[in-house]
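Here the structure is laid out as structure tokens; the discussion comes afterwards.
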Amino acid sequence: MEPAPPRADRAGAVARTCRYLYRVPLLLLHVLLLLPPTLLCLAPPLRRIGWGEETLGERAVRAWSAGLMRIFGFRLRRFGTPLPGAALFVANHVSWIDIEILHSQRMMGFVAKQEIRGWPLVGWLAAQGQTIFHQRGSSDSLSGVMELMVERLREGRAVGVFPEGRTRGGAEVGPFHARIFTAAVEAHVPVQPVALRYGSRGEAQTLVAFGPRENFLQNFLRLLGERTRVAEVHFLEPIPPGGDDAGGRRRIAGLARERIVAAMES
């Protein structure tokens, strides 16, 4: 006969079950009732209607993403202000939820790996949210991505990237690939580093990140049952585009990472 689980484990399992009991219905309502009007606001001509410094479409995406994060138990705290207009936003990469956190603050078209397109719900939403999909390991794909990034930035739109290239378990911020900053240099727009920190002083970084051999659906369901916690979004001091040589790109990449790491450790 197996020993009974510790009382703390039983209490944790009960609490997780209770969270599922009210969050799953809320998630279904959020998708079935609020997603259609959000998508309608993204369709022309509604998406071009002005709403303060944003458009109706941008405001709708922010509201829907903020609601989704609240259902997952994240209480958002923003520090600093996202740049208006054309800008390249670069952030540390923890999990799929990074995109929704950033979309809750500022509409931007993300560069994401091609595999995300096939993820349930999130992949489809990413495609509707101006995501630029990249096939990792393909130089042709990267060239096309860079051209599209420059085009969007020159049109006055914002683009978001995770210059680490992949998630790393949440324990550290990996090196930044300098080439991705070429788009900002060529379009002559500023780069704004963004630090994403989960839990008090980042104590939940590894919890939010993908676990060993954990796929998207497993991570999605696990996070849906986690306790309520804070999620911090730090919009840091922007970096001007600078020179258009390789040294200039490396300087911007190094400075962006340096500012994000400093914010994570503060």
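Bear in mind that the values in this text are calculations on the coordinates, not laboratory data. Not measured: the values here are computed from a predicted model. Heads up, the Cβs are rebuilt from the backbone with ideal geometry, glycines too, and the neighbour counts pull from every protein chain shown.
Name the residues whose placed amide hydrogens come within less than 5 Å of the amide hydrogen of residue 110, ignoring near sequence neighbours (fewer than 5 apart) on the same chain.
Amide H neighbours of residue 110, under 5 Å, 5+ apart: 131, 132, 160.
So, in Å, what gap is there between the alpha-carbon centers of the range 23-45 and the range 192-258?
Rounded to whole Å, the Cα centres lie 26 Å apart.
Please give the calculated 222 nm ellipticity per residue for the chain, where each DSSP H segment of at least 4 residues contributes -39500 (n - 2.57) and the sum is spread over every residue; nearest 500 deg cm²/dmol?
On the way: 10 runs with 116 residues, N = 266.
Value at 222 nm, helices only: -13500 deg cm²/dmol.
Would you mind putting 223-231, 186-194 in packing order, based on average other-beta-carbon counts within 10 Å, highest first?
186-194, 223-231
How long, wide and thick is the range 1-103, going by the Cα atoms along their three principal axes, in whole angstroms, largest first?
65, 31, 18
Under 10 Å from the Cβ of residue 224, count the other residues' Cβ atoms, weight Lys and Arg +1, Asp and Glu -1, and hand me the total. Mind showing how you got there, number by number?
Working: positive: 16, 19, 23, 222; negative: 226.
Spelling it out: positives minus negatives among the neighbours equals +3.
With a/c under 1.5 counting as rounded, go ahead and sort the range 212-266 into rounded, prolate or oblate using the C-alpha gyration tensor (a ≥ b ≥ c being the square roots of the eigenvalues; past the cut-off, prolate if a/b is larger than b/c, else oblate). Mind dumping the intermediate values first?
Working: a/c = 3.67, a/b = 2.09, b/c = 1.75.
It is prolate, given that a/c is not under 1.5 and a/b is the larger ratio.
Sequence-distant or interchain residues sharing an amide H contact under 5 Å with residue 192, placed H: which?
Sorted by chain and number, the residues that satisfy this are 88, 89, 90, 239.
Report ³J(HN,Hα) in whole Hz for each residue of the range 209-224, in order, from the Karplus equation J = 6.51 cos²θ - 1.76 cosθ + 1.60 where θ = phi - 60°; Gly and Pro get x.
5, 5, x, x, 6, 8, 8, 4, 4, 5, 5, 4, 5, 5, 5, 5
Just to check I understand the Karplus step: with θ = phi - 60° and J = 6.51 cos²θ - 1.76 cosθ + 1.60, what whole-Hz values come out for the range 41-57, glycine and proline as x?
Per residue, the Karplus-derived 3J(HN,Hα) values read 5, 8, 8, x, x, 4, 5, 8, 5, x, 9, x, 8, 10, 9, 4, x Hz.
From the P(r) of the range 89-230, could you give the percentage of C-alpha pairs in the tail past 26 Å?
Summing the P(r) of the range 89-230 above 26 Å gives 22 percent of all pairs.
Report the equivalent ellipsoid semi-axes for the chain in whole Å, largest first, defined as the square roots of five times the eigenvalues of the gyration tensor built from alpha carbon atoms.
32, 23, 17
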